[in-house]
Each structure stands twice: as structure tokens, then as C-alpha cells.
Amino acid sequence: FGGQSVTLDGSQSVDPEGGSLTYEWFEWFGYPWGGLLGTGPTRGLHVSIRDLGHEPITLRVTDPGGATGVTSVNVFERDTTPPQITCPAAITAECGGPAYTPVQLGGVTATDGCDSDYSVSRAEEPHNVPFGSNNFVYGTTVVTYDVHPTFGPSASCSIAVTVQDTTPPALLVTA
């Protein structure tokens, strides 16, 4: 998911004697799992936040006499864009009893361009909904959904759940 293309440029490297240089680009240079990425004065690279957070890249430049110079850079990608989140529509429900009214909430949807691993949490204000339920008391409760990706910023959206009583009381008069 995600990722960004970058171009690394070693073309400003020079041989003091004026000889032609060869360029080798490595990832994880010096590590058993490292390897040659390619040759040439520039190198295109695609990095992703899934790549352990960074990608160490090394340029080795060799002159005609076999002398080498080495430099390294860590290439990072940072996710700075919050996920897109869509809340269900606000809900108004008729009071279903003296304690709580069950209300069926719609689903929240979220997408993140860099990360498919995210969690969704829910909180209510005021805190008058029993944990993990959809039972609401008379009045308006604001339900806030938060999306927390593994990498990058979070996002949230809120809806109002209103329980109202529009049914007139039944009056029973006995003589």
C-alpha cells in the first residue's frame, strides 16, 4: 500500500584525477540480506512505510584505479494524510422504554491510502450508553468514531443519536 517514488542522484561525484566513475547502488549494504539495486549515476527507488520504516541505501563510486568512495542515506516515507472516514447519518428514534432504547447504528467506513491495518473505536458523550451496546437514553448522545491506522495520523467523525418521546401518554380513567 502507498509508497513513493524517489530519485537518488550521485552524479555530482568526481574523480580528482578526472577518470570516469562507476556507480553502484545497494540496499542494506554490508548486511547478509542486502543487495545491489542497480548501477548508474542516478537511481529510481520506490519506498513504502511497510519497509520497516526506512530503507538504508548506499552509493559506492569506483574510479579507474579501483579506489572507492561510499555514502549512505536512510530513505523514509511518512504518512501525513489521515484516513478518509464516513459516519452513518444522524439518527432520531422514538423512546422505547423508561431505561434504554435500542438503536441500530449504521456502519462507519474508512480507507487509508498507505495502510490497510487500522482499528475503529467508538465513544459516546455523555457517557450514558452501556459499554458495547446500542442502547441509548432519552435525549441526544454524540457518538464519535475514531480510525487509528498502524502508521500515520488518525481521523474521526461524529453523529447525533436522539431518543425522543412523541407518543402521548395513555390515560386510563376508571370510575
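The values are calculated or read from the model by the stated rules, or taken from the named source; none is laboratory data. Remember, it's a predicted structure, so these values are computed and weren't measured experimentally. Quick reminder, even Gly has a Cβ in these numbers, built from the backbone with ideal geometry, and neighbours come from all protein chains shown. Surface areas here come from the heavy atoms of the whole protein model, side chains and all, with no ligands, DNA or RNA. Shrake-Rupley method; radii C 1.70, N 1.55, O 1.52, S 1.80 Å.
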Worksheet, complete the sentence: accessible surface per residue for the chain, probe 1.4 Å, DNA/RNA/ligands not counted, whole Å² -> 62
Item to complete: Rank-order 19-26, 74-81 by packing density, defined as the average count of other C-beta atoms within 10 Å over each peptide's residues, highest first.
Response: 19-26, 74-81
Worksheet item: By the gyration tensor of its Cα atoms, with a ≥ b ≥ c the square roots of the eigenvalues, what is the shape of the chain: rounded for a/c under 1.5, prolate for a/b over b/c, or oblate?
Response: prolate
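Students often check this: by mean Cβ neighbours within 10 Å, which of 160-171, 99-110, 142-153 ranks highest, and how do the rest follow? Numbers along the way, then the final one.
Values: 160-171: 10.7, 99-110: 14.3, 142-153: 18.0.
Ranked by mean Cβ neighbours within 10 Å, highest first: 142-153, 99-110, 160-171.
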Item to complete: Please work out the FRET efficiency for the pair Leu105 and Val173, using the Cβ-Cβ distance as r and a Förster radius of 41 Å; give the result to the nearest 0.05.
Response: 0.55
Response to the item:
To the nearest 0.05, the calculated FRET efficiency linking Gln164 and Leu45 through their beta-carbon distance, R0 being 41 Å, is 0.10
Worksheet, complete the sentence: In nm, the gap between the two label points placed 7 Å beyond Cα toward Cβ at Thr150 and Thr7 is 3.2
Worksheet, complete the sentence: Under a 1.4 Å probe, counting only protein heavy atoms, Cys95 has an accessible area in Å², nearest 10, of 40
Item to complete: Averaging sequence separations of C-alpha pairs under 8 Å and six or more residues apart, then dividing by the length of the chain, give the relative contact order as a whole percent.
Response: 20
Practice prompt. Could you size up the charge dipole of the chain around its Cα centre, putting +1 on the beta carbon of Lys and Arg and -1 on that of Asp and Glu, and report it in debye to the nearest 20?
Written response: 360
Worksheet item: Do any cysteines of the chain lack a neighbour Cys whose Cβ is under 4.7 Å away, and which are they?
Response: Cys95, Cys114
Response to the item:
For the range 69-130, the accessible surface attributable to carbon and sulfur atoms (probe 1.4 angstrom, ligands and nucleic acids excluded) amounts in percent to 54
